[in-house]
Amino acid sequence: DTGQTIPVDDKETGTHLRREVQAGDFLILVQRRSDLFAEIIRACKEQGLAIAGADRLKVGAELAVRDLAALMNFLATPEDDYSLAVTLKSPLFGWDEQALFDLAHRREERHLWQALRRRREEFPEVMGVLDDLRDLADYLRPYDLIERILTRHDGRRKLLARLGAEAEDGINAFLSQALAYERSAIPSLIGFLQWMETDELEIKRQMDSAGDRIRVMTVHGAKGLEAPIVILPDTGKRNVQLRDDVLTDDGQVMWRSASGQMPPRMQAARDRRLAAEAAERDRLLYVAMTRAEKWLIVAAAGDLGTDGASWYEKIGSAMERMGAGAHDFPFGAGLRLSHGDWGGEVMATATGAETRETVLPDWAEARAQLPEPTPQTLSPSDLGGAKALPGEDNLDEEAAKKRGRQIHLLLEHLPDVPQSDWPDMARKLLSRGADTAEKTEIPALLDEAARVLTAADLQPLFAGDALAEVPISADIAALDGQRIHGTIDRLIVTEKTVLAVDFKTNAVVPATVDDCPLGLIRQMAAYAHALARIYPGHEVKTALLWTRDARLMPLPDALLTHSLETIRSS
């Protein structure tokens, strides 16, 4: 009842005041996590009360975790109709019974997923999420997959909106379990799901920091905590039972037999154990009662018994001896025992609207501006223009590129080994990797590379001081500051000059520089401009090496400059 008040002391003035009770003032304690424990939490939620949930939770039994696990089971096994049905009805998708029935009833397909996929036009949002997750389920680690469900597809907000803030602990524990699994095993979706089914992880909530919410927990778990108002609803009859089959007496171990067949010594040991259990239960009752700072409310669910041993009867008898008076409560007659000053002025309670009103700055409500597009880095070979002359061999584009990579590979590595070893090295280089060549192709490829490597005028390009496969990046002023990134096949740097050479494996070789394809000229022009920035004060020269006839073609500076100008004017 929000109209109830509890006394508080004003330490500054020394006066007695009262304030209205709040949800965080209540601590509900039970003896064990029985059906009553779960019913109390359920009833508080039905009344819309702010409740912190159970003090302990089994991760696998949490509703939010079960919904996430159902979705992951479907991703692992699309033929699992039950998991898909649970997923669609969960807060993640929010289907009702009728929508699920309409999909499943009288379907022609064997599996529910097949029926849903056939009607994908009717459920575009659902199919968009499931398609995205199914595409990635085999590649993402379990943790990343769960996080994608929770964040990218808004799963966390949907689960908390339906299940309440206390579901956050279960979700976070599920994520922690995924990380723990990945540390101990090779990450796989099916492996993680099987691991979770066999793991009975139970976590303890920090109920001392539950905020302004009702706390429900066992008496044993409440040791060290206090609350203005403590409710004990579980004070009915509870028989003291011995669950151990072994009794001890003066160091002697005895196997417990039926109560009517126990010898005297065993009976005496049993009675001592029962008395110790009863004393422990009385100590637990003391703990429960002393958790209350202001107000202790005692109730009972179920049978009270007739021997006066229940907590309810013990507390009631003590209250009568202390002079408690009869009192009519809204739910029936009972006893009330009070002391101290419960009068005094009621303190004004600030409303949430008065204390939490926040004025947002203008920028918080303004639409975010689109970010400036990130400049794209270009490859020098993508500056436009033809890269080959008419009349190339009857090779498709992909085959021609593969052949070019094969010859480049030979020209890169063969100079490092003696010429006598070239055939063996060529077989090793071209017999593995993405650009593997047929055995019948290797001799022709080696022959073309060998003609280049043995040409007298080309020897300086393959000397020890020449750099091979040199990556280069720079902003090109002639392209309005556009950044380029590429790889120069051979780079020779001296004190005064820089020579960049690119290998070309075209089948049709131009006779003169004027016949050279424009795309190749622009590529070398970009290299020349980049090298001029990297090596200021050096004379930059470029050339194309045509492998088909082992011929080096120097490129004039004027031709290079003009090729880039045509890009700006186009």
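The values are calculated or read from the model by the stated rules, or taken from the named source; none is laboratory data. Treat the numbers as computed from the prediction; the structure is a model and nothing was measured. We place every Cβ from the backbone using ideal geometry, glycine too, and count neighbours over all the protein chains shown. Just so you know, the surface numbers come from the protein's heavy atoms only, side chains and all, with ligands and any DNA or RNA stripped out. Shrake-Rupley method; radii C 1.70, N 1.55, O 1.52, S 1.80 Å.
Before moving on, here are some points about what is shown:
- Taken over the stretch 382-401, residues that are surrounded by fewer than 16 Cβ atoms within 10 Å (Cβ to Cβ) and not in a loop (DSSP other than H, G, I, E, B) amount to 5.
- Verdict on Ile492 being out of contact with any Gly (no Cβ under 7 Å at 6 or more places or on another chain) and hydrophobic (A, V, I, L, M, F, W, C): yes
- On inspection, Glu121 fails the criterion of being under 30 Å from Arg42 (Cβ atoms), of a type outside the set (S, T, N, Q) and open to solvent by 40 Å² or more (accessible area, probe 1.4 Å).
- Candidate set from the stretch 25-79 (those that are touching a Ser or Thr at 6+ places or on another chain (Cβ under 8 Å) and part of a loop (DSSP other than H, G, I, E, B)); member that is least open to solvent (accessible area, probe 1.4 Å): Asp55
- When the stretch 233-246 is limited to residues that are modelled with pLDDT of 70 or more and open to solvent by less than 70 Å² (accessible area, probe 1.4 Å), the one that is farthest from Leu29 (Cα to Cα) turns out to be Val246.
- Scanning the stretch 127-146 turns up no residue that is at negative phi, of a type in the set (Ser, Thr, Tyr), open to solvent by less than 50 Å² (accessible area, probe 1.4 Å) and within 22 Å of the chain's Cα centre (by Cα).
- Unique residue being within 24 Å of Arg490 (Cβ to Cβ), of a type in the set (S, T, N, Q) and more than 46 Å from the chain's Cα centre (by Cα) when the list is Gln406, Gln419: Gln419
- Here Leu274 passes the criteria (1) exposed (fewer than 11 other Cβ atoms within 10 Å of the Cβ); (2) farther than 30 Å from Gln22 by Cα except the one numbered (1).
- Checked against (1) in contact with an Asp or Glu (Cβ under 9 Å, 6 or more places away or on another chain); (2) closer than 21 Å to Met196 by Cα, Tyr139 passes all but a single condition, namely (1).
- Within the stretch 379-387, one or more residues are of a type in the set (Ser, Thr, Tyr) and at pLDDT 85 or above.
- Across the stretch 437-454, the number of residues qualifying as in contact with a helix residue (DSSP H, G or I) (Cβ under 9 Å, 6 or more places away or on another chain) and either open to solvent by 20 Å² or more (accessible area, probe 1.4 Å) or assigned to a strand (DSSP E or B) (or both) comes to 6.
- Close pairs from the stretch 313-340: first touching a residue at least 60 places away in the same chain (Cβ under 8 Å), partner open to solvent by 100 Å² or more (accessible area, probe 1.4 Å), Cβ under 9 Å, at least 6 apart: Pro330/Asp1
- Among residues of the stretch 491-517, those that are of a type in the set (Ser, Thr, Tyr) and buried (at least 20 other Cβ atoms within 10 Å of the Cβ), counted: 1
- Failed item in (1) closer than 25 Å to Ala222 by Cβ; (2) open to solvent by 40 Å² or more (accessible area, probe 1.4 Å), with Gln114 passing the rest: (1)
- Residue within the stretch 89-104 that is under 26 Å from Asn172 (Cβ atoms), of a type outside the set (A, V, I, L, M, F, W, C) and assigned to a strand (DSSP E or B) present: no
- Qualifying residue in the stretch 366-382 (condition: touching a Ser or Thr at 6+ places or on another chain (Cβ under 8 Å) and among the β-branched types (Val, Ile, Thr)): yes
- The set of residues in the stretch 304-315 that are under 16 Å from Ala288 (Cα atoms) and open to solvent by less than 20 Å² (accessible area, probe 1.4 Å) comprises Ser310, Trp311, Ile315.
- From the list Leu552, Leu545, Leu520, the lone residue that is within 25 Å of Ala444 (Cβ to Cβ) and in a helix (DSSP H, G or I) is Leu520.
- Condition met for Ile488 (without any contact (Cβ under 8 Å) to a residue 40 or more places away in the chain, within 46 Å of the chain's Cα centre (by Cα), open to solvent by less than 50 Å² (accessible area, probe 1.4 Å) and under 28 Å from Leu414 (Cα atoms)): yes
- Taking residues in the stretch 290-304 that are of a type in the set (Val, Ile, Thr), and partners anywhere that are surrounded by 17 or more Cβ atoms within 10 Å (Cβ to Cβ), the pairs with Cβ atoms closer than 6 Å and at least 6 places apart or on different chains are Ile297/Ile231; Val298/Leu232; Val298/Thr235; Val298/Ile315.
- Subset of the stretch 555-565 [hydrophobic (A, V, I, L, M, F, W, C), part of a helix (DSSP H, G or I) and either within 26 Å of Ala450 (Cβ to Cβ) or under 52 Å from the mean Cα position of the chain (by Cα) (or both)]: Leu560, Leu564
- Residues satisfying the stated conditions in the stretch 519-542, i.e. more than 49 Å from the chain's Cα centre (by Cα) and surrounded by fewer than 17 Cβ atoms within 10 Å (Cβ to Cβ): Pro536, Gly537, His538, Glu539
- Failed item, numbered, when Val287 is tested on (1) modelled with pLDDT under 85; (2) open to solvent by less than 40 Å² (accessible area, probe 1.4 Å): (1)
- Any chance Ile492 is part of a strand (DSSP E or B), over 22 Å from Leu383 (Cβ atoms) and in contact with a Leu (Cβ under 6 Å, 6 or more places away or on another chain): yes
- Ala477 being modelled with pLDDT under 90, open to solvent by 50 Å² or more (accessible area, probe 1.4 Å), farther than 20 Å from His408 by Cβ and over 47 Å from the mean Cα position of the chain (by Cα): no
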